[in-house]
Amino acid sequence: MVQFSYVINDELGLHARPAGLLVKLASGFTSTITLKCENGEADAKRLIALMKLGIQKGSNVQFTVAGDDEKEAVAALEQFMKEKL
Amino acid sequence: MLLLDPDFEDAVKDEIIGQHSNAVFAVKKAGKDLADFFSAMEDNEYMQQRCADFLDISDRIARVLENADCNLSTIDEPVILMADDLTPGETIQMDTTNVLAFVTGGGSVNSHTAILARSIGITAVVNTGVEADTKLNGHMGIVDGDMGRVLIDPEDEILEKYEEKLKKYNDEKKSLEELRTVSTVTRSGRKIDLYANVGNIQDVVRAVDSGADGIGLFRSEFLYIGKADFPSEEEQFESYKKAAELMNGKEVIIRTLDIGADKKADYLNLGKEENPAMGMRAIRICLKHPEIFKTQLRAIYRASAFGTISVMFPMITSAHEVERALQITDDVKKELSDKSIRYGEVKRGIMIETPAAAVMSDILAEKVDFFSIGTNDLTQYTLAMDRQNPEMSEFLDMHSPAVLRLIKMTVRNAHEKNVKVGICGELGADPKLTEFFINNEVDELSVSAPKILSLRKHIRELE
């Protein structure tokens, strides 16, 4: 299991389009990927669940990744978050 | 992307499995629940606005599903079709080859389901007052049109009785076949033409098979209803030509577009009317939009080179309307002549289906070659009773003396001007009135093809 945190920088927060891209990216890995913030937690492979968290700018989100490809997943996710959010 | 999300899918599945909801309802509910969730996110304006996305996608799926639900264009095994009611759009798209019988919870003997059932000769029981229920899927049923009865999962004894009854019915039908080629005269030699009402080309084939003397009412609406756009001139021409060729020289009376009221097509953009039965329909649409009318008339005239075609205008109320319709017809003829396009001798007639037309029939007879009395609308407008409203059955006298008097008057006025008169409404097939029509010298009765042989038998037994 690997964890990392990230503070959302995007003005709109984790909005629909990047959330969709995140789900796509996460779905490419076999590891379970959970995203946690002050409003609760959600499976990063489920778009509606992610959107329901209503993550806004400035939120600190914590990723928990567990599985065979957890290392690659974390690397990809970290890069994605920095670029898009 | 939202659609692929398992949360949406699960919500729909749970609703269907857990609450026994139908798919359309479940999709709408899932969309609504999500929309509600997001619109409640008060501190997040962006997410609040997503509520519209969920409503939009769920509505779109629901629409697709709704269409799929009433996609009756392919029915691949013999069925008894149960529904609360069927719209004209649904009945027109329906493939009836495998429909053994109709059962509807609503409707009346004059509703579209009933008219369709009569035109193709299958049993229907309407206005059962019982909602159609998917629980009945796959069960055996007996639909008894004589008694207006529907029996689900009948006992063997009853089943046997009905099988016998069915055999007897089929035998009788077979013996009628012998009347296909004989003429329609009474014992004392009084003659009446027996024409067929048709709603599409298959009906024309049925009319030929049952030995119709002609087509008294070719409902051209089928070319317009259930389509995304107007039918082209070519498409119409092909249908009219086909009908003329199938009838092989016998008269085919094509009624021009009779849409509006209960028969709708979205692309016409008719708008919502407070009282559509008395609004934009039939000839009124054609006179307001001559380009629509002309396209149809060109197709009809071009087809007239291939057989005997007559044209008939619906919903006439005044001499002025007839004059306008005839003028447009003349314009079309001239256009065709100018382009050296062939057309035949086309008789022009009108429907007498409003009390105004019946009352003015002496004047109208001076302008046209024939009348056809549409008894369904004539009855509805004379009595001010909606024939689709089952509550009216109690008040609606199908043999209303007021209507019969109008018919009598119309025939008398027509014959004074040598104008032929036919009856093309449901009353034409009513054996209780056959004698009345013959006594009043009606020239032609136009009925659904499956009724022709039994009516011919009946007429041949009259004095």
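Odds and ends about this structure:
- Subset of segment B:243-301 [at pLDDT 95 or above, assigned to a strand (DSSP E or B) and not acidic (Asp, Glu)]: B:Val252, B:Ile253, B:Ile254, B:Arg255
- Filter result for the condition that a residue is more than 14 Å from chain A (Cβ to nearest Cβ) and either touching a helix residue (DSSP H, G or I) at 6+ places or on another chain (Cβ under 9 Å) or surrounded by 14 or more Cβ atoms within 10 Å (Cβ to Cβ) (or both), over B:Ser58, B:Ser21: B:Ser21
- Selection within segment B:185-213 - part of a loop (DSSP other than H, G, I, E, B) and basic (Lys, Arg): B:Arg187, B:Arg190
- Strands (runs of 3 or more DSSP E) within segment B:361-463 that include 3 or more residues outside the structural domain of B:Pro276 (by TED's automatic domain parsing): none
- Residues located in segment B:154-201, provided they are farther than 15 Å from B:Leu455 by Cα, polar (S, T, N, Q) and modelled with pLDDT under 90: B:Asn170
- For segment A:62-84, the condition holds for no residue, the condition being that it is at the interface with chain B (Cβ under 10 Å from one of its Cβ atoms), in a helix (DSSP H, G or I) and touching a residue at least 12 places away in the same chain (Cβ under 8 Å).
- Single residue of B:Lys347, B:Lys339, B:Lys288 found to be assigned by TED's automatic domain parsing to the domain that holds B:Ile253 and surrounded by 14 or more Cβ atoms within 10 Å (Cβ to Cβ): B:Lys347
- Unique match (being surrounded by 14 or more Cβ atoms within 10 Å (Cβ to Cβ), more than 12 Å from chain A (Cβ to nearest Cβ) and more than 23 Å from A:Leu22 (Cα to Cα)) among B:Thr104, B:Thr74: B:Thr104
- Some residue of segment B:183-203 being surrounded by 20 or more Cβ atoms within 10 Å (Cβ to Cβ) and of a type in the set (D, E, K, R): yes
- Residue within segment A:10-18 that is farther than 20 Å from B:Glu42 by Cα, in contact with a helix residue (DSSP H, G or I) (Cβ under 8 Å, 6 or more places away or on another chain) and within 13 Å of another protein chain (Cβ to nearest Cβ) present: yes
- Pairs with Cβ under 8 Å, 6+ apart, first in segment A:9-31 and polar (S, T, N, Q), second surrounded by fewer than 18 Cβ atoms within 10 Å (Cβ to Cβ): A:Asn9/A:Lys57; A:Thr30/A:Gly67; A:Thr30/A:Asp68; A:Thr30/A:Asp69; A:Ser31/A:Ala66; A:Ser31/A:Gly67; A:Ser31/A:Asp68; A:Ser31/A:Asp69
- Screening A:Ala44 on (1) of a type in the set (Gly, Ala, Ser); (2) within 14 Å of chain B (Cβ to nearest Cβ); (3) surrounded by fewer than 21 Cβ atoms within 10 Å (Cβ to Cβ) shows it passes everything except condition (3).
- Residues in segment A:8-26 that are under 11 Å from the mean Cα position of the chain (by Cα) and either crowded, with 20+ Cβ neighbours inside 10 Å or of a type outside the set (Lys, Arg) (or both): A:Ile8, A:Leu14, A:Pro18, A:Ala19, A:Gly20, A:Leu21, A:Leu22, A:Val23, A:Leu25, A:Ala26.
- Here B:Ala265 passes the criteria (1) over 23 Å from the mean Cα position of the chain (by Cα); (2) among the small types (Gly, Ala, Ser); (3) under 24 Å from B:Ser111 (Cβ atoms) except the one numbered (1).
- Options B:Met385, B:Met392, B:Met398; residue that is under 30 Å from B:Asn275 (Cα atoms), surrounded by 15 or more Cβ atoms within 10 Å (Cβ to Cβ) and touching a residue at least 40 places away in the same chain (Cβ under 8 Å): B:Met392
The values are calculated or read from the model by the stated rules, or taken from the named source; none is laboratory data. Computed from a prediction, not measured in an experiment: that's the story for all the values here. Positions of Cβ are backbone-derived with ideal geometry, glycine not excepted, and every protein chain shown enters the neighbour counts.
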